[in-house]
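The values are calculated or read from the model by the stated rules, or taken from the named source; none is laboratory data. In this text, all values refer to a predicted model and were calculated from it rather than measured experimentally. Note that each Cβ is placed from the backbone with ideal geometry, even for glycine, and that neighbours are counted across all protein chains shown.
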Amino acid sequence: MKRFTVEKVNEDTNHLQVPTFDFGTPSSSPRSSVNESPFRSRKASVFFKEIFGLSARAPYSNTKTTTILVSVQLPFEMHLKLTTNLLIRSLITKSIPHINASLHILQLADDEDQSMACSLADRDHDFNESLQSRIKYKTPCKVVLSSDEEEEPPAYNPKKYIFRNKRRLSIAPLPSLRVNDKEIMANEFDTHSMISNQASITSASSLASLLKEKMQAFPHMIRKRRKPRKDVKIKVFVGILFLVIVFLVGYAYVMYQQTLMARSYFEKIKFNKGTRVFRILDNKGEDIITGLLGANLSNGRPFRCLAEDTFDDGSVCLEWVEKARLYLNEEKTDDENIKCYTIHWKALVQNWYPTDCFFTGPERGHWFGGGLLKGLEWPLEQGRFNFAPLITGDHHNQQFGNAVKRYFLNSKGAAIKVDEKVPLYLSMGAFDENLMCLKSKHDDFAFLNRQTELPEMKYKICTGPDMKSLHSAMTQKSLWDGLKEEDISCGKDFMMYALPNAKYKDCNINIHSLLEEPIWQIPALSLKNFTETSIYNYTETIIEMGFLRLGHVLINEFWQKNVGDFKMDEERFPTLENTINILHRRGFKIVLTIQPFISTESARFAEVVAKQLVISERGAEYYVPALTRYHNAPSVAMLDITNNATLPWMMDRIKKLRKAYSIDSFYFDIGNGHNVPRHYKCHRPIDNPDEYKTLFLSKLENVLSMIGISSSVTVPKPPTFLSLPPVNASWEGMRTVVISAITYGVTGYPFIISNPVGGDFLIPENNSKSIMYSTLTAPPLPDPELYIRWLQLSTFLPVIRFNHLPSEYKNEVVEGVAKELTTIRSKTVIPVLKKYLNDAMNEGLALIRPLWMMDSTDASCLTIDDEFSVGEDLIVAPIMNQSQFQREVYLPQGIWKDGIDGSLRKGSRWMHNYKVPLDKVAYFVKMPDNTRF
């Protein structure tokens, strides 16, 4: 054992302080002030870090008194190894310039040989200078021998090289360091390299030489040795091959599991029981419709249903335990090109509502049908709304308009028809922006009465070769049940055109007359101004114009003093029967508006309440009439059509009116689903508020001649037309007319009555509050440009309706346009309307159609919402913006004759910046395919 002591002496006082630290050997050494082995001791590592890093952090000065004594009792070889390792470890985190800057001059003393080495070098801030210029000797060191006595320090010669002995020539020079692909020689980072390399390990300064050699070899230690190129390539190849194999095996496993989960049903249906993704394929194996069944179900595999839960109709039954049960089945059809499948969900637990979603977008096909949306979106997927009950309403305030149908059509050749008993909610983008979702859910208003204890969803999906042929097949199934020839044929001329072999009966109102003759809706700016005289003067003005045909005079609900009186207001109409006789002789037909509402101010209210003929309040202990609002009447009750005594009571009063005033027909303003009292209770439960109007209409149309109805969920029997929803007297209101017409045409309403030319009401532009249109009276005279453009649009619709007359403007331009449009309607439009009556009656196809009904494979036709066709022979592109005199026009395939200049134009292309003066309307007549230019 040898004892070494290195001490730092205070030059000012020559006082030597010797703190002693003894570290035992790893095997056995007495523990002193440090309690752990130097190889594991945290304190020892801190101590050595301070010893070797002191000058790098705080250089010595001649005035600073610092005394450090190191006393290590170790074998010489162990001490040498320990010192070297500790020094290298303390420098390993430093960069190469810092290593050179932090070297100390070491003086080591051996009691048998030269026993002194001292290191008093300091880190300089200028790293570009050489090592010799950076070493500064400031404080001498002395060696203390194993005895405790102090000895005089030997003379110190700073010029003398410490590493002065030559190293054996067999020792190899230091390797070079490569940094950023540049080779740096050892002497570039150590000016003492040449001296160090020649120091022998057997010299007196062997310890210092070895330490420095180790430090100078440090760059070589951290330098990454280059592997043989061949080995690297092989390892990379093997690694990549391994990853590929792992991926392929994993992919094969996943696909195998998917194959197990996905099965084919009825040849064309693909259903993955794990993801619940549902697909129907065409004959080429491509997707027609893709959906997500049970969108709100948690993950889990279904099981086959028990025998007692299955049906005997061949359907497939799958059950998610204690959640839901799904039935899939195929429905037989007469047309082999049309395939239909039924989907039926049954909930097995409370608060779970069957929800199925279907993908939308150009790649998945566009969706049409359902009804008019609040935002007037076309196609349906353009809309964004949360789940809302699919019932009729006011599209200004509710999500859907005055006519809805549980029928949805996809442009790729798929259609969905939901059962009428389902409490149907519809959403667009609720789960995902590309999903249209159907939900079955009971609530406290729209679907109050439960047909089943737990909600059920049942609908049918049909597919066809294309959307047009599929739509035709689907509309035929929804035609009028039990329709007779006398119901659809009134008037000899129409009978000869449509049904030549059928017998006819004399009718005051028929489809033919509605197409040819206008409806004159008497404006009612106020109740006091709506009198017998105003009706007479209005008809006189029509006759004075001379160019418009006499038609149907529509008298609104204000003919009675209070809504529900079913009695003419004798103060305002004292001799109306005489006036009507005069109008009949002149050629007019009289249409009276009726409704199922009874005002609380009416003399009939007490009578109907006493007889319990109106809908009652749900939850009341005794019979209490449920009240709602209707037009300007703030408080009204609704007749309960489920009570068998209600219809006879109503018809008795209508017959008296008809006999007393020679009324030709009636317009039934039945309201919408949201006009039903909130807490309604009928004599017999109804499925939803819209069933109310269905029951009422089915009973009235067999005993009463009607020209129109304000709202519906079923197609009324001819000659009853569906009225488009009331719109504001504005350019936006005019655009609503086109979208409403094509929407109801797709939904399945072939006969529609347009809005009055110029709009139904006027909402001031600065009004920010929500106003019910039913509380507003007729609008004032519209702007002339708006009136002209609106009249151009209405000219091509099945029924044209006037509120304000063209002569009211006292403007030659307005009257001139009206005359020209009357000629276009009589010579061009009416013949086309009559031509396609057969399609409307026999196939349920609308008279006013979107462009895609001419070519459903043309992508450009699918999204156009500002053009429409009359049958398949006319294309109309009206101007619907103020101060606009040109527009973009698209023509489907074929040859078309320009209605403005008479030129022939090829179809399947856009016409940009097509000029449309104020007195002209853009329309195009279909020419035979063999027409030559």
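Between Phe311, Phe387, which is at pLDDT below 95, surrounded by fewer than 20 Cβ atoms within 10 Å (Cβ to Cβ) and of a type in the set (Phe, Trp, Tyr)? Testing whether each residue is at pLDDT below 95, surrounded by fewer than 20 Cβ atoms within 10 Å (Cβ to Cβ) and of a type in the set (Phe, Trp, Tyr) leaves just Phe311.
Table: residues versus (1) within 27 Å of Tyr744 (Cβ to Cβ); (2) surrounded by 20 or more Cβ atoms within 10 Å (Cβ to Cβ).
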{"residue": "Asn296", "(1), (2)": "no, no"}
{"residue": "Asn299", "(1), (2)": "no, no"}
{"residue": "Ser315", "(1), (2)": "no, no"}
{"residue": "Glu330", "(1), (2)": "no, no"}
{"residue": "Asp335", "(1), (2)": "yes, no"}
{"residue": "Phe368", "(1), (2)": "yes, yes"}
{"residue": "Gly371", "(1), (2)": "yes, yes"}
{"residue": "Lys374", "(1), (2)": "yes, no"}
{"residue": "Leu380", "(1), (2)": "yes, yes"}
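Listed conditions (1) assigned to a loop (DSSP other than H, G, I, E, B); (2) under 31 Å from the mean Cα position of the chain (by Cα) are all met by Tyr890, apart from (1). The set of residues in region 559-582 that are buried (at least 19 other Cβ atoms within 10 Å of the Cβ) and part of a helix (DSSP H, G or I) comprises Trp559, Leu576, Ile580.
Across region 670-681, the number of residues qualifying as surrounded by fewer than 21 Cβ atoms within 10 Å (Cβ to Cβ) and in a loop (DSSP other than H, G, I, E, B) comes to 2. The listed residues are Pro716, Pro750, Pro725, and the only one of them that is within 29 Å of the chain's Cα centre (by Cα) and in a loop (DSSP other than H, G, I, E, B) turns out to be Pro725.
Could you please find all residues in region 631-640 being crowded, with 17+ Cβ neighbours inside 10 Å and at pLDDT below 95? Once the filter is applied, which keeps residues that are crowded, with 17+ Cβ neighbours inside 10 Å and at pLDDT below 95, region 631-640 yields His631, Ala633. Any residue that is assigned by TED's automatic domain parsing to the domain that holds Trp352, more than 30 Å from Asp669 (Cβ to Cβ) and crowded, with 24+ Cβ neighbours inside 10 Å - is there at least one of those in region 394-405? Within region 394-405 (the criterion being assigned by TED's automatic domain parsing to the domain that holds Trp352, more than 30 Å from Asp669 (Cβ to Cβ) and crowded, with 24+ Cβ neighbours inside 10 Å), the answer is no, since none of the residues qualifies. Looking at the structure I just gave you, is His344 surrounded by 19 or more Cβ atoms within 10 Å (Cβ to Cβ) and over 15 Å from the mean Cα position of the chain (by Cα)? For His344, the condition - surrounded by 19 or more Cβ atoms within 10 Å (Cβ to Cβ) and over 15 Å from the mean Cα position of the chain (by Cα) - is met. Quick one: count up the residues across region 693-740 that are buried (at least 20 other Cβ atoms within 10 Å of the Cβ), among the hydrophobic types (A, V, I, L, M, F, W, C) and over 30 Å from Pro764 (Cα atoms). Result for region 693-740: 8.
Taking Lys270, is it more than 23 Å from Glu456 (Cβ to Cβ) and part of a loop (DSSP other than H, G, I, E, B)? No; evaluated as a whole, the condition is false for this residue.
One residue alone among Gly369, Gly401, Gly429 is touching a helix residue (DSSP H, G or I) at 6+ places or on another chain (Cβ under 6 Å) and either touching a residue at least 40 places away in the same chain (Cβ under 8 Å) or among the hydrophobic types (A, V, I, L, M, F, W, C) (or both), and that residue is Gly369. When Val422, Val418 are screened for being in contact with a strand residue (DSSP E or B) (Cβ under 8 Å, 6 or more places away or on another chain), in contact (Cβ under 8 Å) with a residue 40 or more places away in the chain and either closer than 17 Å to Val713 by Cβ or small (Gly, Ala, Ser) (or both), only Val418 passes. For Ile663, are the conditions met, namely being touching a Phe, Trp or Tyr at 6+ places or on another chain (Cβ under 7 Å) and part of a loop (DSSP other than H, G, I, E, B)? No: the conditions fail for Ile663.
Checked against (1) of a type outside the set (Asp, Glu); (2) outside any loop (DSSP other than H, G, I, E, B); (3) farther than 20 Å from His471 by Cα, Ala403 passes all but a single condition, namely (3).
Give region 594-617 a look and list any residue that's more than 16 Å from Asp569 (Cβ to Cβ) and assigned to a loop (DSSP other than H, G, I, E, B), or say none. The answer is Pro596, Thr600, Lys611, Gln612, Leu613, Ile615. Per the listing Val889, Val817, the residue uniquely touching a strand residue (DSSP E or B) at 6+ places or on another chain (Cβ under 9 Å), of a type in the set (A, V, I, L, M) and either at pLDDT below 95 or surrounded by 21 or more Cβ atoms within 10 Å (Cβ to Cβ) (or both) is Val889.
If you check Lys589, Lys655 for being among the basic types (Lys, Arg) and touching a residue at least 60 places away in the same chain (Cβ under 8 Å), only one passes: Lys589.
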